[in-house]
Structure formats: structure tokens, C-alpha cells
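Right, one structure below, let's go through it.
The values are calculated or read from the model by the stated rules, or taken from the named source; none is laboratory data. On a predicted model such as this, the values are computed, not experimentally measured, just so you know. Cβ coordinates were reconstructed from backbone atoms using ideal geometry, including for glycine residues, and neighbour counts include every protein chain displayed. Each accessible area value is taken on the protein alone, full model and side chains, heavy atoms only, with ligands, DNA and RNA left out. Shrake-Rupley method; radii C 1.70, N 1.55, O 1.52, S 1.80 Å.
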Amino acid sequence: KKWDEIHEKRRFNKDYIQNLFSKYVSNVKFPIVHKKANPSWFGCGIICESKGQKERLVNFLESKKINTRPYFCGNILCHNEFDKLGNWRLFPNSTKALELVFFVGVAPHIETPHRDYIESILKQWTN
């Protein structure tokens, strides 16, 4: 029962935050979920139009105390820890994902005041 409650809160927060980004931030996309999947989200994936948009948006959110997380699963060869494993230029799609995607957390402890704060900040965003 407790696990079901946690998963439901995560799904609710992901949908809610995704809707906020859809409403206030132009030219962003979101991961498409397979119709048979029912993920328990750790974060709301935001796919930006450009690397510049991602950088501006992440910096803006972080400056307002909204934590973001990078999409580590992009081209890991671009990360300093893995750069000796191969040439990152050979994987342009992975590099693109790394450059364009980030996450905003959707933990189950996020409640109405947190969601309202996120909305108040996104209202300030200028595209």
C-alpha cells in the first residue's frame, strides 16, 4: 500500500510539473511513454530545443532554488570520467540527448506549496 502511494505521488508530480513546463516554456518536449508502461518517475524529463535554451533554463531554475539534474545517460564519453573510453564524436545522437535534456525532480514529498512555487517561478520565465 505504501509503495502504491509513493508511485502515485511520483506520477502525479511528473504530470503536474510537465503541464507547468508545457504552459510556461516554449519549444520544449517530453519523453513519450509506451502505452503499456506505467513508470514510477524520479524526475520530469525536459527536452529543450537547443543547448542554449537548456543552459538558460537550467541556470534560471537553479538560481531560483529549483534543483535540476543533467541527463547523464546521453553520451557518457563526453564526461571527464569516461573520456578515455572512446571518441564521443562517433555518437552524435547520444551527444544531442546530453546537450538538450535535463530533469526536474518529482519526489513523493513534493506537495502543493512546492508545486505552486515552481509555477510562480516558471511564470517569470521569458522564452
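Taking the protein heavy atoms of segment 6-61 in the context of the full set of protein chains, the accessible area attributed to carbon and sulfur is 53 percent at 1.4 Å.
Dipole check for the chain: with +1 at the C-beta of Lys and Arg, -1 at the C-beta of Asp and Glu, and the Cα centre as origin, the magnitude is about 220 Debye. Applying the Karplus relation 6.51 cos²θ - 1.76 cosθ + 1.60 with θ = phi - 60° to segment 38-48 yields 3J(HN,Hα) values of 9, x, 9, 5, 9, x, 8, x, 10, 9, 8 Hz, where x marks Gly and Pro.
Ellipsoid semi-axes for segment 1-110, based on the Cα gyration tensor and the rule √(5λ), read 26, 18, 14 Å when sorted largest first.
Within the chain, the longest run free of trypsin sites (Lys or Arg not before Pro) that sit in a DSSP loop with at most 11 other Cβ atoms within 10 Å is 85-122. Close amide H contacts of C44 (hydrogens built in the peptide plane, cut-off under 5 Å, sequence separation of 5 or more or a different chain): V104, G105, V106. Of interest is the spacing of the C-alpha centroids, which for segment 84-126 and segment 29-70 amounts to 3 Å.
Taking 0.36 nm per intervening residue step and subtracting the Cα-Cα distance, what contour gain separates S120 from K2 on full extension?
On the way: separation 118, 0.36 × 118 = 42.48 nm, distance 3.06 nm.
Gain in length upon complete extension: 39.4 nm.
Determine the dipole magnitude for segment 1-73: charges of +1 sit on the beta-carbon of Lys and Arg, -1 on that of Asp and Glu, nothing else is charged, the reference point is the Cα centre, and the result goes in debye to the nearest 20. All intermediate terms of the calculation are to be shown ahead of the outcome.
On the way: 16 positive and 7 negative charges, 20 e Å.
The dipole of segment 1-73 has a size of about 100 debye.
For the chain, the longest principal axis of the Cα atoms and the long axis of helix 2-24 meet at an angle of about 70 degrees.
For H79 and N59, what is the calculated FRET efficiency with R₀ set at 25 Å and r taken between the beta-carbons, to the nearest 0.05?
Details: r = 20 Å, r/R0 = 0.79.
Result of the calculation: an efficiency of 0.80.
Backbone geometry of segment 85-93 corresponds, through the Karplus equation with coefficients 6.51, -1.76 and 1.60 at θ = phi - 60°, to 3J(HN,Hα) couplings of 7, x, 8, 5, 5, 6, 10, x, 5 Hz, x marking Gly and Pro. Rounded to the nearest whole Hz, the Karplus-based 3J(HN,Hα) values (6.51 cos²θ - 1.76 cosθ + 1.60, θ = phi - 60°) of segment 102-115 follow the sequence 8, 10, 10, x, 10, 3, x, 7, 6, 10, 3, x, 5, 4, with x at glycine and proline.
Looking at the square roots a ≥ b ≥ c of the eigenvalues of the Cα gyration tensor of segment 25-87, which shape do they give, rounded for a/c under 1.5, prolate if a/b is larger than b/c, or oblate? Taking the square roots of the gyration eigenvalues as a ≥ b ≥ c, segment 25-87 is oblate. Pairs of Lys residues in segment 2-59, spaced 8 or more positions apart or belonging to different chains, with C-alpha separations under 17 angstrom: 6 in total. A simple spin-label model places pseudo-atoms 7 Å from Cα toward Cβ; at N127 and Y16 they are separated by 2.5 nm.
How large is the accessible surface per residue of the chain, computed with a 1.4 Å probe and reported in Å² as a whole number? Accessible area per residue: 66 Å².
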